[in-house]
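This report refers to the structure that appears directly beneath it.
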Amino acid sequence: MEIKEVLCKAGLTMPHIRTFTVILFIVVNVVLAKDTLLVVRQDGKDFEDALKGLIEELKSDFTIKDKVITRKSEVDEIKLEIDATNPKLVVLMDNTSITLFKKYQSTLKDGETVLPSLSIMGVFIADAIKEIKNATGISYEIPIVTSVVSLRSVLDVPVKKVGVIHREFLDRFLTQNKKFCMMEGIEIVEVTLPNKSSEYKKLLKKGLKTLFEEHNVDVLWVPNDNAFLKPDIIQNVWVPTVRKKKKPVIVGVEILVSPQLDFGTYAVLPDHVFLGSQAAGKIYDIMENDWQCENEKVDPPISVYKIINFRQAKKNFNATEQKLKVVDKILK
């Protein structure tokens, strides 16, 4: 029996029935309505993979709005999207999104709602979100000890000294990583460069010479620092040094282990789909905490993805495919 027939038998007139139906429709939609989460990201497969993991975990409880930006995007784009979607939380994928959201938050007036934000897929997120209120994140950098121990398991090379060239802002990161490396009998030898300089090529050449000739490091670990990874610096500084010294190089992005580039030997980075799933877990935690983040609490990525430049590893370090079963991707 239809609802209308039941209401008629109850003695309600048609105007009453229409009013009741409208109210029922509104109540049902309010009850079933899902909170919205806004994802701000750049285009690209890695971001799409992270989004896939996020949606898979959250789709039953939230509506996910996906906003794709570019490096030319302005803060007004973020403001318009937030006003249109009224999200409970904003997921920021990469440093461009983080910077735009930081600018957006600086425009808020006293008393306006400070949306929680969760940052992933960015470089050194702990530093990037320092000035953002109600913010948390998951770092993209894999602990150095994780990468080095993994490399040690697939290449038959001595790994006792790891050379690192970095800018001053990574001092805290290196201090933390030294402790974990010491537990595995690994020494980190570092060369620290200023945060700003117009002579990074010259400074990098000098730093690499110090690491190889004075300290005789076994491995290089290269941070995801755009100041050091510009195409001309890679081509004119890193690549010639690596080819000459024939030491394994650990990097944090896949493109740097391309056999054609002949730079990185081994890349250890987060599993992007699982990173999205990990972010979903943090969102549920934030929701249970009444949408308040533990400010500046940045978790390490849980699951890693390992890639090897097999052409270089075979030529320089006698790598065999039999030992690479633990590697996720072999580039030939």
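One table, with the values for the structure above:
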{"quantity": "Helix-only [θ]222 nm of the chain, DSSP H runs n ≥ 4, -39500 (n - 2.57) each, per residue, nearest 500", "calculated": "-12000 deg cm²/dmol"}
{"quantity": "Overall Cα dimensions of the chain - principal axes, largest extent first, Å", "calculated": "95, 49, 35"}
{"quantity": "Equivalent ellipsoid, the stretch 78-199 (semi-axes from 5 times Cα gyration tensor eigenvalues, Å)", "calculated": "37, 16, 12"}
{"quantity": "Sequence-distant lysines (8 or more away, or on other chains) whose Cα lies within less than 19 Å of K202", "calculated": "K230, K244, K245"}
{"quantity": "Reach of K209 by Cα under 20 Å, taken over aspartates and glutamates that are not fewer than 8 positions away in the same chain", "calculated": "E168, E187, E190, E199, D218, D225, D232, D262"}
{"quantity": "The chain: antiparallel DSSP beta bridges as a percent of all, rounded to 5", "calculated": "10"}
{"quantity": "Least to most buried among M287, M183 (fewest other Cβ within 10 Å first)", "calculated": "M183, M287"}
{"quantity": "At 1.567 mPa s and 4 °C, Stokes D of the stretch 194-272 from Kirkwood alpha-carbon radius, µm² per second", "calculated": "99"}
{"quantity": "DSSP-assigned coil residues among GluC sites (Glu not before Pro) in the stretch 54-145, each with at most 13 further Cβ atoms within 10 Å", "calculated": "E74, E112, E131"}
{"quantity": "Candidates per trypsin sites (Lys or Arg not before Pro) in the stretch 173-227, loop by DSSP, up to 10 other Cβ within 10 Å", "calculated": "K196"}
{"quantity": "Enclosed volume per residue, in Å³, of the convex hull spanned by Cα atoms of the stretch 265-318", "calculated": "74"}
{"quantity": "Relative contact order, percent, the chain [alpha-carbon distance under 8 Å, six or more residues apart]", "calculated": "18"}
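Values in this text are rule-based calculations from the coordinates and carry no lab data. Bear in mind the structure is a predicted one, so any value in this text is a computation, not a measurement. Note: ideal-geometry Cβ built from the backbone for every residue, glycine included; neighbour counts use all protein chains shown.
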